[in-house]
Amino acid sequence: MICPKCRQDRARRTERVSTADHVVNRFFFKPFSCHACQHRFYALREDMGVTVWRKQMAETISTASFGKNHKRNTRELLFYGFAALAIGAMIYYLIQQRLPQG
């Protein structure tokens, strides 16, 4: 890995020691340290396949949204929307009948 400070290819993974290191690790960033200038920084691990994973997720999401089942997904969305409106109207009607008139 190339160090962003000195631009030498001597940066290596370092041990996670602080709470920040563990938190940042959840977002696929790993701590690195340069052996030339001792600069410590975080970077995405390319060899982890994170970029490949993100690309596959994007393809999966786009396929699910606009793929073969686009018409079926639209119908289901409309159906559930109308069902929610009908339930909301029934609840409103029931509440209005129980309120005291006056």
The answer for Ala11, listing residues at least 5 apart or on another chain whose modeled amide H is closer than 5 Å to its amide H, is Cys3, His35
Quick check on the exposure proxy: order His39, His22 from fewest to most C-beta atoms within 10 angstrom.
His22, His39
Whole-Hz couplings from phi, Karplus 6.51/-1.76/1.60, listed for the stretch 77-82; x for Gly and Pro:
4, 5, 4, 5, x, 5
Fewest-first ranking of Met1, Met90, using other Cβ atoms within 10 Å as the exposure measure
Met90, Met1
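All of the numbers you see were taken from the coordinates with simple rules; none came from a lab. Small disclaimer: the values here were computed from a predicted structure and weren't measured. Counting neighbours? That spans all protein chains shown, and the Cβs are built from the backbone with ideal geometry, glycine included.
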